[in-house]
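S.K.: One structure coming up, written as structure tokens, with questions to follow.
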Amino acid sequence: MFRHYLLTAYKVFMRRKLFTAINLLCIVLTLVVLMVVTALLQNTFYPTGVEGKSERFVQMIMMESTHTEKTARRQGTLGYKLIDQYLKPLKNAELVAATSFPQSVSIYQEGRVSDQLMRLTDAEYWQILDFKVVSGRVINADDVAQGRMVAVLNESTARKLFPGQPYLGQKFSANGQTFTVIGVVQDEMHVNAFADIWTPISAQPSSDYKNNLFGGFGAIIMARQPEDLPALKKEIMEAAKRVQFDDPNFFNTARFWGDSKLALFSRTLLSSRAEDGDAGTLLTIIVVLMLLFMALPALNLINLNVGRIMERSSEIGVRKAFGATSRQLIAQLVLENVLLCLIGGAIGLAGAAAVLWWLEGSGIIPYLKVHLNLTVFGYGLLITLVFGVLSGVIPAWKMSRLAPVHALKGNA
Amino acid sequence: MLRHLLKLIWKRKSRNMMLSLEILLAFLVVFAIVAFGLRYWQLYQLPTGHDWKNQWSVSIRAAQDLPNDPAIYDQLKRGLLDLPEVESVAFSSFGTYEMSRWTEEYTLPDGSHELTIDGMGVSDEYFATMGMRVAQGRFFSSMDDNADAAPAVINRRLADKWFPGKNPIGQLYVQQTRGKSEGQRYRVTGVVEQFRSHGEYMDPVDFMLSRWIPGVGKEAANNIMLKLRPGTPRIFEARLNARLKQIRNDWTYIITTQADARASMLKTQTIPLVILAVIAAFLLVMVAFGLFGVLWQNTTQRIPEIGLRRALGADAGAIYRQIIAEQFLLSTGAMLIALLLLVQLPLTGVFGETLNWAVFGGAAVLSASVIYLLSLLCSLYPGWRAARLSPTQALHYE
Amino acid sequence: MIRLNKVSKTYQTDKVQTLALKDIDLHVQKSEFVSIMGPSGCGKSTLLNLIGLLDAPGSGSIQVAGTPVASYKDKYVAKLRNTTFGFIFQSFHLINDLRVIDNVELPLLYRNVSAKKRQRLAREALEKVGLGARMHHYPNQLSGGQQQRVAIARAIVGQPQVLLADEPTGNLDSKMGQEVMDILLQLHREGTTIVMVTHNEQEANQANRIIRVFDGQLVA
């Protein structure tokens, strides 16, 4: 029976080749876009590579300060003192890293000024994230303790600043401070990893940063194993209650959350103060947007399918006259549509891979690296099936309801 | 003929519904983008009120809040003017072409007509440094030392709002503090035509430039604005940084040329437009496919009818024209409904000045052209196929 | 009125050549009522199509109303069709999405007649076939006989010189069929030239003359 359906489907497609081609093109275009988006999201929320340990660490970039009796509210990035005093001692944490956000610095070289992005980090940063070291070494605890003026560059920046020369040992001036290159790492683009230059947190013009509860830093907190994460998150929220403010008249209550990548995005985008950052809501929004996106192409397909089914009304009439039930007819028609969608999906996957490859090369998002893994493929398949069923069901149901006599006459 | 076609389309409206819906959606999306783009173009034509070509800004970053110490600012000013490339030095609370913004509520002295005004504190030299021209009155200076109210320069828009028909120079207004303490009083010394600190794409707002004096008041100025000699190369930044470090070594200086800041800001602001345009292009391609496929299908189904019309004396051209005309009428119908919905926006003023009638009209015309073009392209091939049928073939079509 | 001179027609489908008509010589006088008869597939429909300029002959010439058909270019032929002929088909070929009156006015649309005049002429034609009361109905609300009468009204609304009917009663029962024949005979009495293809011996006999076709050729 299945083979019969396959054969019929093939004949139907071949009967009107241009039609089928249009249908297919529509499907492929939609699926390529959806799959590219899925791959990008998958790589952002569940990364492998440099932030591969994401399932066992959380990050914190904002803290909320309020007053129990006043209306003032401040949402800001963390100061080093906060991280040092309240986060580093957490029991469930194996490592706590502090990092600034990438900031634009001017690099002064002989006759040339370049703008690069620099991050200030401590040594734990390099232990939590898995950078690929191309040459030299990364910043260690000793560098931070001594406040050494050393720097790690990524490959592109090293090439840009010192073309054709050996990188290690080179000196450059950033915003007036002189640093020495001690290591070169591979280019990376991710939430915590993205930067052109890394320098120790203590290599700043002034050491006042250590005394500030508010500052331009974020924290990465890693547990010993992924199962410890819930306990860690709870401990982080508890730690907020112990925060002592410098001026309790201004603010006296603090709240912060350790977030997974997904929760981080949802908390920022939705301005959430829930414990999980309303991560579920963000996912729901994404799914709804994808369905909406599919709506127009699905509408197209429904239109085209309805017309095509009208053409086959005599075939359908005959099947009905010889005993096919409505259910069997719907199944047949939906199957044909799903088949076309699967073919489109396969082409779409190849297309998505091509688009991602082009995206990586074009530099629109610098240092982008997207890995297509089985999970992405699985999501792609799911999307294709949903699409196929959605656009096949309505026309199929419409046609199956036709009385055989009308179908055989060719009217509708 | 028109009436005849309309009768046909109306009777077949349920079949045409889905297609009309697609066209409606596409029109709405194209309209949104074109309106966006047109508004940006409109804004770009308006002046920003200040120069940028030879201006550089230095943003001071320190671990603690900057102290408002007049000695330091004097040192900075003299140290910088010492450099031959520097023509003028001024201080401000933040720079132009940055995302920073400071707004607060102000009222007339009697407490009426409260407005939210964008403000920036600037030193006396700011106007010369930024190449600004006063339209009425004068810029503040040391003449205003010991004045009873803080001097301020406001833009024309604000002057017209608060003092329509009157001379704004010398008028007072007050900072709104909601009763806690006496709000700061300001006196208007001058009016500029326009001042937009976020650049060419910023919506016009009410703006005030208040006088900042080194040593007076708690807030220090975090930004240095410089006017440089024309043709100063970018590498001057190294010397500039070195000089600044000489004065205060423990501060960090972020030096940006206004040309770069402007380019970067314009780019950032056009990103949403670009993203929307990409999405719209995708949607249009989908609609084009759908239109083409459905049109072709329709003509196939109507082959007997076409044959009949040929038998009755319609030539191939008439058939071709009919198919295209029907498609145009369908698109027009969908677009009229869309416009009916859209016209509510400027009528109710939901988007305020952003969607003014000029933008609306322009966007409507341009979007309609796009949709008509699409309709034409998609009906060309099916129409041609329909017209090529011989009457006998069509009449006996199985 | 209509003169065919040594007209032949060959059809090419895939690799098969079919000779539909061979060396037809035919003359239909003005105001004549001619029946064309023959078994299925003998070419009588093809003959009617050629007469009605729906198709071009492979060889030979055709004269309509005294003038030879100069070219078979689409524009020229379409105009001729519109002004000279009125068609009636076996399967009616009414447009189901249009009301009866709008169906009837169809030929006038291709003649640049004003809307008001079109509706007036259509109404008159419908009254002539006795369906004035059904002007605003849709075709699928009418019986087969009524539908064919609407088709006849459409065929005569432009006052053509010749009516071409291809098995007009083929889809109707005997009673409705006779209704249709009555109208045709009435029109004939008023001076219209009619060429009718039919299966029905009894109906064919109601015409002035019977032309028999067999295997693409005229039979005596």
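The values are calculated or read from the model by the stated rules, or taken from the named source; none is laboratory data. Since this is a predicted model, take the numbers as computed values, not measurements. When we count neighbours, we look across all protein chains shown, and the Cβ atoms used for this are built from the backbone with ideal geometry, even at glycine.
S.K.: Residue by residue through the stretch A:312-331, note down the ones that are surrounded by 14 or more Cβ atoms within 10 Å (Cβ to Cβ) and not in a helix (DSSP H, G or I).
M.R.: Result: A:ARG312, A:ALA324.
S.K.: Across the stretch B:340-362, which residue is farthest from B:ALA32 (Cα to Cα) among those that are buried (at least 17 other Cβ atoms within 10 Å of the Cβ) and out of contact with any Lys or Arg (no Cβ under 9 Å at 6 or more places or on another chain)?
M.R.: B:PRO346
S.K.: Quick one: count up the residues across the stretch B:228-262 that are closer than 19 Å to B:ASN54 by Cβ, without any contact (Cβ under 8 Å) to a residue 12 or more places away in the chain and surrounded by 14 or more Cβ atoms within 10 Å (Cβ to Cβ).
M.R.: Qualifying residue count for the region: 3.
S.K.: Any idea which of (1) over 14 Å from A:LYS210 (Cα atoms); (2) within 14 Å of another protein chain (Cβ to nearest Cβ); (3) surrounded by 15 or more Cβ atoms within 10 Å (Cβ to Cβ) is the one A:HIS67 doesn't satisfy?
M.R.: All conditions are met except number (2).
S.K.: So, in the stretch B:293-308, how many residues would count as being more than 9 Å from chain A (Cβ to nearest Cβ) and either more than 22 Å from A:GLU311 (Cα to Cα) or under 41 Å from the mean Cα position of the chain (by Cα) (or both)?
M.R.: Adding up the residues that qualify gives 1.
S.K.: Moving on. Please go through the stretch B:13-27 and give me each residue that is within 15 Å of B:SER331 (Cβ to Cβ) and either more than 34 Å from the chain's Cα centre (by Cα) or within 9 Å of chain C (Cβ to nearest Cβ) (or both), ordered by number.
M.R.: B:LYS13, B:ASN16, B:MET17, B:MET18
S.K.: Within the stretch B:326-398, considering only helices (runs of 4 or more DSSP H) that don't extend past its boundaries, which have at least 3 residues that are at pLDDT 90 or above?
M.R.: Result: B:357-388.
S.K.: Applying the selection to the stretch B:363-398, what residues are more than 14 Å from chain C (Cβ to nearest Cβ), surrounded by 14 or more Cβ atoms within 10 Å (Cβ to Cβ) and over 19 Å from B:ARG321 (Cα atoms)?
M.R.: B:ALA363, B:ALA364, B:LEU366, B:SER367, B:ALA368, B:VAL370
S.K.: Could you list all residues from the stretch B:289-331 that are more than 17 Å from B:ARG15 (Cα to Cα) and hydroxyl-bearing (Ser, Thr, Tyr)?
M.R.: B:TYR320
S.K.: Condition check: surrounded by 21 or more Cβ atoms within 10 Å (Cβ to Cβ) and in the same structural domain as A:GLU110 (by TED's automatic domain parsing). Does A:VAL181 satisfy that?
M.R.: yes
S.K.: Condition check: away from chain C (no Cβ under 14 Å), over 30 Å from A:ILE107 (Cβ atoms) and buried (at least 19 other Cβ atoms within 10 Å of the Cβ). Does B:GLY290 satisfy that?
M.R.: For B:GLY290, the condition - away from chain C (no Cβ under 14 Å), over 30 Å from A:ILE107 (Cβ atoms) and buried (at least 19 other Cβ atoms within 10 Å of the Cβ) - is met.
S.K.: To continue, here is another question. On the basis of being of a type outside the set (Lys, Arg) and without any contact (Cβ under 8 Å) to a residue 12 or more places away in the chain, does A:GLU55 make the cut?
M.R.: Taking the combined requirement at face value, the residue does not satisfy it.
S.K.: Here's something else I'd like to know. Which of (1) modelled with pLDDT of 85 or more; (2) closer than 30 Å to A:VAL50 by Cβ is the odd one out, the single condition A:THR375 does not satisfy?
M.R.: (1)
S.K.: Now a separate question. State yes or no: is A:LEU40 more than 11 Å from chain B (Cβ to nearest Cβ), hydrophobic (A, V, I, L, M, F, W, C) and under 30 Å from A:HIS190 (Cα atoms)?
M.R.: It is true that A:LEU40 is more than 11 Å from chain B (Cβ to nearest Cβ), hydrophobic (A, V, I, L, M, F, W, C) and under 30 Å from A:HIS190 (Cα atoms).
S.K.: Ok, one more. List every residue pair whose Cβ atoms sit under 7 Å apart, with the two residues 6 or more apart in sequence or on different chains, where the first one lies in the stretch C:54-83 and is at the interface with chain B (Cβ under 9 Å from one of its Cβ atoms) and the second, anywhere, is surrounded by 14 or more Cβ atoms within 10 Å (Cβ to Cβ) and in a strand (DSSP E or B).
M.R.: Correct list of pairs: C:LEU80/C:VAL64.
S.K.: Right, another one. When you check B:GLY199 against the structure, is it on the phi > 0 side of the Ramachandran plot and away from every other protein chain (no Cβ under 14 Å), yes or no?
M.R.: Judged against the criteria, B:GLY199 is a match.
S.K.: Still on this structure, please answer the following. Which numbered condition trips up B:LEU158, out of (1) part of a helix (DSSP H, G or I); (2) more than 31 Å from the chain's Cα centre (by Cα)?
M.R.: It is condition (2) that B:LEU158 fails.
S.K.: Still on this structure: Can you find even one residue in the stretch A:234-243 that is crowded, with 21+ Cβ neighbours inside 10 Å, out of contact with any Asp or Glu (no Cβ under 8 Å at 6 or more places or on another chain), at pLDDT 90 or above and more than 30 Å from A:ASN154 (Cα to Cα)?
M.R.: Scanning the stretch A:234-243 turns up at least one residue that is crowded, with 21+ Cβ neighbours inside 10 Å, out of contact with any Asp or Glu (no Cβ under 8 Å at 6 or more places or on another chain), at pLDDT 90 or above and more than 30 Å from A:ASN154 (Cα to Cα).
S.K.: Looking at the stretch C:127-139, is at least one residue among the hydroxyl-bearing types (Ser, Thr, Tyr) and surrounded by 16 or more Cβ atoms within 10 Å (Cβ to Cβ)?
M.R.: So far as the stretch C:127-139 goes, yes, one or more of its residues are among the hydroxyl-bearing types (Ser, Thr, Tyr) and surrounded by 16 or more Cβ atoms within 10 Å (Cβ to Cβ).
S.K.: Output the number of residues of the stretch A:240-297 satisfying the condition of being under 19 Å from the mean Cα position of the chain (by Cα) and of a type in the set (A, V, I, L, M).
M.R.: Residues in the stretch A:240-297 being under 19 Å from the mean Cα position of the chain (by Cα) and of a type in the set (A, V, I, L, M): 15 in total.
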